[in-house]
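Structure first, then comments.
Any read-out appearing in this document is the output of simple, stated calculations on the displayed coordinates, not a laboratory observation. Computed from a predicted structure; not experimentally measured. Here the Cβ positions follow ideal geometry from the backbone for every residue, glycine too, while neighbour counts run over all protein chains shown.
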Amino acid sequence: MHRSIHRSVAQIVSAGLLALLVTFGTGHERALEGQQGGEYSDLTFTKDIARILQDNCQVCHQDGAIGPMPLTEYDVVRRYARRVLRMVETHEMPPYHYDRDVGVQDLKYDPRLSDEDIGKIRAWVEAGMPEGNPDDMPAPVDWPDPAEWRLADRYGEPDIVVRSEPYDVPAIGQDRWWKPVVPTGIEEERCILAIETKPSVPGRGVTHHANSSFRVNGETAGRLSEYALGKLGEIVPEDACRVAPANSEVAWDIHYWPNGQQLTDDQVEIGIWLHPEDYEGDYQQTLTLYMLRGGKGYDIAPHGTLMTQGFHSFDTPVRVDSWQPHGHTRLVAMSLQILRKSGRTEMVSMVSNWSALWHHSHIYEDDVAPLLEVGDQLILTAWYDNSENNRYNPDPDQWVGIGDRTADEMSHAWLAVTHLDEEGMRKIKEDRAARLISEQGSSQPDGSHQ
């Protein structure tokens, strides 16, 4: 752990506030990492900047990919260097919108550019963008096929693949919804390890969302997953079980948005990775759509703004494993807070630069995933801007109401929640407290190791 974090933890423990970190994690302190920065000199494209672009940008910015320009060669990067700097300084790129200065910062999938790398790009641009020695250039990346499963690097190929029935998407037209029901082929109840929803490569630009639920004997048997552009997937914590029912079907809810590209026989796939047959999990995890108050009925006036909230409590202790805001082009920000039964409010996560172009499920690391006791409440807050100041607003002269169309708005968030009991909550808190004390004890207050 960073030395400044050791000092912060030491101060908190000595002040008797260990319970806050045990319940909420150390994300607040870790958010401070990397902010101190430093002076960078003698930076070149070949020795320093190319590596940063390979690690963070070229997956989209290469020939044939979705980025508007390839960032693989010096001459092209130099031409767009100031635009690149502006985009990374404002955290618009890489496209992962999640505030750095509040809430939990330890995430299982975190493509945000580090403050150090942003500082290097800034220093390189200000130094005149020197190319450097060609011999320092890193080898080109052998990029994977965009049709491959992104979670396959971690878990191998999925155990189950369920494909929607084919659908023809016109080049021009209104929003389309496709709701086929397809057998899973799962013969015995199993626990899910991970899930990834994958539109076809040509269909990524028109697949607004692809939701999926299990169905058994015609009855809904739990949410499987939710997909919107930019989302990686679902990763279930090791102590939890999201159930894949035996003899089940997947009920699809696919929203297509025609954008000028005609597709024939398009299909969306969902990959399911399963735990071994004898795995049971200690507790059940569910993925649920949590509404904000007004989420089923509100209007935003032309050139107007709106703030709405939702409050949710639970009958048992819970752990919040992931949070995914959802809205359309007038949504500009959303936050997740906890109102403790003591009256204290804690910020969990904040997205203050929301973009409907990218939807992300923010998956908390197991040691910092927020814990709620019975009597605590989740507070979801969303802000909307229907004015010309919202750059994504297609028409500020229109009234905007709630609805399923892309032109409408929505007001909810997807949360993966593990439902605990008192013993499970106690064990998690004890394990976290032991780790924090161990980490604090491994260094002296001045940062030296014992």
* Can you give the charge dipole size of the stretch 283-419 about its Cα centre, rounded to the nearest 20 debye, using +1 on the beta carbon of Lys and Arg and -1 on the beta carbon of Asp and Glu? -> 240
* Structure fact -> Cα gyration tensor of the stretch 258-327 diagonalised, 5x eigenvalues square-rooted, in angstrom largest first, produces semi-axes 33, 28, 8
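Please state the charge dipole magnitude for the stretch 157-281, taken about the Cα centre, from unit charges on C-beta atoms (+1 on K and R, -1 on D and E), reported in debye and rounded to the nearest 20.
660
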* Asked: In terms of modelled amide H atoms, which long-range or inter-chain residues lie less than 5 Å from the amide H of HIS209?
  -> HIS255
* Residue (of VAL76, SER41, ILE52) at the positive-pole extreme of the stretch 34-136, dipole from beta-carbon charges -> VAL76
* Using θ = phi - 60° and the Karplus curve 6.51 cos²θ - 1.76 cosθ + 1.60, what whole-Hz ³J(HN,Hα) does each residue of the stretch 85-92 get, with Gly and Pro shown as x? -> 4, 4, 5, 7, 5, 8, 6, 6
* Structure fact -> Calculated from DSSP helices alone, with each H run of at least 4 adding -39500 (n - 2.57) and the total divided by the residues of the chain, [θ]222 nm to the nearest 500 comes to -5000 deg cm²/dmol
* To do: Using only C-alpha positions, report the orientation-averaged shadow area of the convex hull of the stretch 157-281, nm², one decimal.
  => 7.5
* **Part-to-part distance (alpha-carbon centres) for the stretch 221-285 and the stretch 108-169, which is given in Å** => 23
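Where does each of 273-283, 184-194 land if you order them by average Cβ count within 10 Å, highest first?
Ranked by mean Cβ neighbours within 10 Å, highest first: 184-194, 273-283.
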* Report the full-extension gain for the segment GLN261 to ASP101: residue separation times 0.36 nm, less the Cα-Cα distance, to one decimal in nm. => 53.6 nm
* To do: Could you work out how far apart the two model spin labels at THR345 and THR286 are, taking each label as a point 7 Å from the Cα in the direction of the beta carbon, and quote it in nm?
  => 2.7
* Asked: What is the pair-distance distribution P(r) of the chain, computed from all Cα-Cα distances in 20 Å bins starting at 0, with each bin given as a whole percent?
  -> 22, 55, 23, 0
* Among GLY128, PRO166, TRP143, which residue has its Cα positioned farthest towards the positive end of the charge dipole of the stretch 82-231, with +1 placed on the Cβ of Lys and Arg, -1 on the Cβ of Asp and Glu, and the dipole taken about the Cα centre? -> PRO166
* To do: At 0.36 nm per residue, minus the direct Cα-Cα distance, what do ASP367 and LYS427 gain on full extension? Give it in nm, one decimal, please.
  => 20.4 nm
* **Spacing of the two label points (7 Å from each Cα toward its C-beta) at ALA246 and TRP177, in nm** => 3.4
* To do: List the cysteines in the chain whose Cβ has no other cysteine Cβ under 4.7 Å from it.
  => CYS57, CYS60
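With r defined as the distance between the Cβ atoms of GLU187 and ALA152 and R0 fixed at 35 Å, what FRET efficiency is calculated, to the nearest 0.05?
0.90
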* **Residue-span extension gain [ASP115 to SER200] - 0.36 nm each, minus C-alpha spacing** => 27.2 nm
